[in-house]
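Shown next, in structure tokens, is the structure this report addresses.
The values are calculated or read from the model by the stated rules, or taken from the named source; none is laboratory data. Since this is a predicted model, take the numbers as computed values, not measurements. Note: ideal-geometry Cβ built from the backbone for every residue, glycine included; neighbour counts use all protein chains shown. The accessibility values were calculated without ligands, DNA or RNA, using every heavy atom of the protein model including side chains. Shrake-Rupley method; radii C 1.70, N 1.55, O 1.52, S 1.80 Å.
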Amino acid sequence: MARPAASAILTEELAVALHDVAWALPRTVGAEVEAELDPLPPSELEVLRLVVDRPGLNLGEVAEELGLQPSNASATVRMLVARGLLERHGDESDGRVTRLAPTQQAAATRRIREQEWGRHLERHLSELSSEQVSLLLAAVPALRALAAQLAPGE
């Protein structure tokens, strides 16, 4: 089945709207959640999310995926290890390589943050019409598919 082509103008509007939402979320909902929880800097949240989603990456892969300098990625990983959120394991096939894995605490931390993001976002959604909320919620599967398409290295 052929999909209808999106017009260039609507595609541009979608890109701008998604960018605006992505820019605003960490500054509103994310900031509200971080104020309530043990705060993690944005770089640590990014690395943690990546390693929870894709355990077994090495430090160089993390730096490349997130566009970080290797020294910054290394410092961020060190902080996450010190917090008990990441572990380092030797690669079974190459002893020179260290692989990163999330701890159980990391998975719990992510679940708590995601639940809190939802709770805080719900308050903001209450300011929209029920039709707008329904449209946004119905778009979740398509937005997840788009995120997967856009994700580097997957």
Handout entry: Å² per residue, accessible surface of region 1-102 at 1.4 Å
Key = 66
Problem - Cα→Cβ-extended label distance, 7 Å offset, between Ala17 and Glu87, nm - result: 4.4
Handout entry: Where Glu127, Glu12 fall by accessible area, highest first, once all protein chains stay in place (1.4 Å)
Key = Glu127, Glu12
Completion exercise
Gyration tensor on Cα atoms of region 6-76, a ≥ b ≥ c root eigenvalues, a/c under 1.5 rounded, else prolate if a/b beats b/c, else oblate, says oblate
Fill in the blank from the handout: Carbon and sulfur atoms account, in whole percent of the 1.4 Å probe accessible area of the chain, for 59
Practice task
Rounded to whole Hz and in sequence order, give me ³J(HN,Hα) for region 33-50 from the Karplus expression 6.51 cos²θ - 1.76 cosθ + 1.60, θ = phi - 60°, writing x for Gly and Pro.
Solution key: 5, 4, 5, 8, 9, 5, x, 10, x, x, 5, 5, 4, 5, 5, 4, 4, 4
Completion exercise
Between Ala75 and Arg54, the two model label points (7 Å from Cα along the beta-carbon direction) sit apart by a distance in nm of 2.4
Problem - Cα shape, region 31-154, gyration tensor, a/c 1.5 rule - result: prolate
Exercise for the section: Sort the following peptides by mean Cβ neighbour count (other Cβ atoms within 10 Å, averaged over residues), highest first: 22-30, 45-53. Expected result: 45-53, 22-30
